[in-house]
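As structure tokens, the structure follows; a few thoughts come after it.
Only the coordinates and a few stated rules stand behind these numbers; no lab work does. For clarity, every value in this text was computed on a predicted model and none was experimentally measured. Reconstructed Cβ throughout: ideal geometry from the backbone, glycine too, with neighbour counts over all protein chains shown.
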Amino acid sequence: MSTPKTSGKIEVIAFDADDTLWVNEPYFQETEHKFCALLEDFLPHHTVSQELFKTEMENLALYGYGVKGFMLSMIETISKVTENTAGLELVNKTIALGQELLQKPIELLDGVEEVLTKLNGRYRLVLATKGDLLDQERKLVKSGLEHHFHHIEVMSDKKERDYRKLLKHLDCRAENFLMVGNSIKSDVLPVLELGGNAVHVPYHTTWAHEKVSHRIEHPNFLEAENILAVLNMLD
């Protein structure tokens, strides 16, 4: 059986960062678990987790994505769960959890360096990720991958308008653009809406906000078992 190929002439390949190039979501889940344990005297673990997620969703428009917004949402959740009775010690422990998350080591996913090395020079490579600018820049430097990319774009969100802005900056037509990422919601659907190409590289852990339940049927959409498989999808 032949390997499916991307359609059109690809000139620019953009890669998501978190959970596409390096480990991210498991660290957030680990931090959330520790945070819920801090509040177990007030509510069960799963209830605190639900309250935190609800608070994160309410705050996305204010804080955007990333660790700092997560920290602020945890602190706000303390106030809600404890009905404003928590002392500063609990807040300080939560801040420490967030700072620990910011300093996590960068663990590259298997095959990432090989893929970027083989594609570098054949295509313009772009890093297109969302989150906190300072944190994402720090992670990129620590990853040692910075030299592979023609352009770095840290986006406040990944919706159709955000990709349109990126394509304009790159002077790239949608049909010549390929997005590679682990999130159907952020890395695939908006790009397909613009007429671009997208490859979904699933990751075993996905943030609830990024999950999409319906099956994607589109001529410009491909699913890769892992990032190495992307190499065989290109002409």
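If R0 is 25 Å, the Cβ-Cβ spacing of residue 33 and residue 225 corresponds to a FRET efficiency of close to 0.30.
Here the Karplus curve 6.51 cos²θ - 1.76 cosθ + 1.60, taken at θ = phi - 60°, turns the phi angles of the stretch 43-49 into couplings of 8, x, 3, 5, 6, 5, 4 Hz, with x standing for Gly and Pro. For the pair residue 61 and residue 91 in one chain, pulling the backbone fully straight at 0.36 nm per residue adds 8.5 nm over the alpha carbon distance. Size of the stretch 26-102 from its Cα atoms: along the principal axes, largest to smallest, the extents are 29, 24, 22 Å.
P(r) tail for the stretch 52-97: Cα pairs beyond 14 Å make up 46% of the total.
Compared with the dominant principal axis of the Cα atoms in the chain, helix 67-81 is inclined by about 30°. Helix 133-143 and the longest principal axis of the C-alpha atoms of the chain enclose an angle of approximately 60°. Of 80/130; 68/142; 80/139; 34/139; 54/142; 104/168, which ones are farther than 30 Å apart at the Cα? Beyond 30 Å: 80/139; 54/142; 104/168. With kT/(6 pi eta Rh) evaluated at 4 °C and eta = 1.567 mPa s, and Rh the Kirkwood radius from Cα pairs, the chain diffuses with a coefficient of 69 µm²/s according to Stokes-Einstein. Quick one: angle between helix 25-38 and the longest Cα principal axis of the chain, in degrees between 0 and 90, rounded to 10, please. In the chain, helix 25-38 runs at an angle near 10 degrees to the longest axis. Each label point was placed 7 Å from the Cα along the Cα-to-Cβ direction; for residue 157 and residue 234 their separation is 3.1 nm.
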